[in-house]
Amino acid sequence: MKYISFWLLAVSSWLLCSCVDTEEYNDTATGNFEALWKIIDEHYCFFDYKQQQYGLDWNAVYNKYKVRVNDNMKTTQLFEVCCDMLSELRDGHVNLVSSMDYGRYWQWQEAYPKNFSDTLYRHYMGTNYRISSGLYFRVLDDNIGYVYCPTFENAIGEGNLDEVLSYMALCRGLIIDIRNNGGGNLTTAERLAGRFVQQKTLVGYMQHKTGTGHNDFSEKEAWYLEPSSNMRWHKRVCVLTNRSVYSAANAFAVMMRALPNVTIVGDQTGGGSGLPMSNSLPNGWSVRFSACPMYDKDGQHTEFGIAPDVAVNLSDASKAKNIDDIIEEARKILANE
């Protein structure tokens, strides 16, 4: 698949230019802080974009947090300062990992309505549903197929997808619900999307770092989605999204939005379009960060998510009646095709 070649290209370029020589820094609070700032400075991929979006200035960030660091501080204090500094990137793919804690930035979803209800999900699924390698599916009473995909962490095989689509073959349309899907394996997301494309289709672009400067990137390389050689779906599809759709799930939404028979329904996705890589500090802490930017078919960033074609929120009044407004809007769209 073309996407796999992108992955290999990104990894190979990473191996050529990723290593910050942390041996030049002492295993002190100051040394670890300096190493962390430099790793991000040389390899993070969204500096210009985030400067445009909200005024990020990484040099100013250094000055802001450097004054909070001294070699007499506790390890827990250093971890807090480092995590606070990394949060300035506003990136859910940026994490600081130690044996005592996992630094994370989750405001990309926490600051917004959930637009998903476990209670409503159980109401719509009932007990008469099927499970195939992490895909939960049934036919709704209006002959609309419904598939819930909560993660791309689990492998979804071609045989699993054949079974799901065979079961849905007589349905008028198909709902794929990826709400709360925080990502996982990008090739799994592409394998699922490949069941809905009928010919090789441009779905986006990708770059990789070629040096340590903020603007050292390759040219944008086209990312094509190849149709599966197995059973494919030819009817209409609605993909349901909310702010908790992230990383590989965000990429899935980007791929599906590029297809003519697909409508994205719900809330904006959470984003996370940078391919994450990792490095280590002198004290052994690991830092993960976005290293390779990905774009949609129009060459636009999706780091902060993509807007739905049809925006819908869950209302309290509907929830009280066991109605999921997002599912119902998708049903209306599919019923009118």
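In a fully extended conformation the segment linking D298 and K220 would gain 26.9 nm over its present Cα-Cα distance, using 0.36 nm per residue. Computing Rg and the Kirkwood Rh from the Cα coordinates of region 73-161 gives a ratio, Rg/Rh, of 1.17.
From the backbone phi of region 192-208, what are the Karplus-calculated ³J(HN,Hα) couplings (6.51 cos²θ - 1.76 cosθ + 1.60, θ = phi - 60°) in whole Hz, Gly and Pro given as x? Running phi through 6.51 cos²θ - 1.76 cosθ + 1.60 with θ = phi - 60° gives 5, 4, x, 7, 10, 10, 9, 8, 3, 10, 5, 10, x, 9, 9, 10, 9 Hz.
Basic side chains Lys and Arg get +1 at the Cβ, acidic Asp and Glu get -1 at the Cβ, and with that the dipole of the chain about its Cα centre reaches some 1020 debye. For region 164-253, what percent of Cα pairs sit more than 20 Å apart? For region 164-253, the share of Cα pairs beyond 20 Å comes to 48 percent. Against the main long axis of the alpha-carbon atoms of the chain, helix 75-87 sits at an angle near 60°.
Beyond 24 Å, what share of the Cα-Cα pairs of the chain is found? Please give it as a whole percent.
So the pairs more than 24 Å apart make up 57 percent of the total in the chain.
Based on protein heavy atoms only, the chain ends up with 44 Å² per residue of surface accessible to a 1.4 Å probe.
Listed highest first by mean packing, meaning other Cβ atoms within 10 Å per residue, what order do 52-60, 146-154, 32-40 come in?
On the way: 52-60: 12.1, 146-154: 20.3, 32-40: 22.1.
So the order, starting with the most tightly packed, is 32-40, 146-154, 52-60.
Label-to-label distance for S229 and S133 is 1.6 nm, based on points extended 7 Å past Cα in the beta-carbon direction. Extending 7 Å from Cα along the Cβ direction at Q199 and again at T75 yields two label points whose distance is 6.0 nm. Cross-link reach is defined here as a Cα-Cα straight distance under 26 Å, omitting same-chain residues fewer than 8 places apart; for K64 the lysines meeting it are K38, K50, K74.
Taking the longest Cα principal axis of the chain as reference, the axis of helix 248-257 is set at about 50 degrees.
For the chain, averaging the sequence separation of C-alpha pairs within contact (under 8 Å, six or more residues apart) and dividing by the residue count gives a relative contact order of 20 percent. Relative contact order for region 21-97: 32 percent, from Cα pairs under 8 Å spaced at least 6 residues apart, divided by residue count. So in region 190-337, what percent of DSSP beta bridges are antiparallel if you round to the nearest 5? The antiparallel proportion sits near 70 percent.
Give me the angle, in degrees from 0 to 90, between the Cα long axis of helix 158-167 and the longest principal axis of the Cα atoms of the chain, rounded to the nearest 10. It is inclined by approximately 30 degrees.
Quote the FRET efficiency, to the nearest 0.05, computed for Y167 versus S315 with a Förster distance R0 of 30 Å and r equal to the Cβ-Cβ distance.
On the way: r = 31 Å, r/R0 = 1.05.
Given R0 = 30 Å and the Cβ-Cβ separation, E is 0.45.
Scaled against the 2.2 N^0.38 Å expected of a compact globular protein of N residues, the Cα radius of gyration of region 198-291 reads 1.37.
Decide, for region 242-324, between rounded, prolate and oblate: order the square roots of the alpha carbon gyration tensor eigenvalues as a ≥ b ≥ c, take rounded if a/c falls under 1.5, and otherwise choose prolate if a/b is larger than b/c, else oblate. List each step's numbers first, then the result.
Values: a/c = 3.91, a/b = 1.65, b/c = 2.37.
Because a/c hits 1.5 or more and a/b fails to exceed b/c, region 242-324 counts as oblate.
Shape class of region 85-220 from the Cα gyration tensor (axes a ≥ b ≥ c, square roots of the eigenvalues): oblate, since a/c reaches 1.5 or more and a/b does not exceed b/c. Counted over the chain, the DSSP beta bridges are approximately 60% antiparallel.
The values are calculated or read from the model by the stated rules, or taken from the named source; none is laboratory data. The shown structure was predicted, so the numbers you read here are calculated from the model rather than taken from an experiment. Neighbour counts are summed over all protein chains in view; Cβ atoms, including those assigned to glycine, are modelled from backbone coordinates with ideal geometry. These area figures cover heavy atoms from the full protein model, side chains too; ligands, DNA and RNA do not enter into them. Shrake-Rupley method; radii C 1.70, N 1.55, O 1.52, S 1.80 Å.
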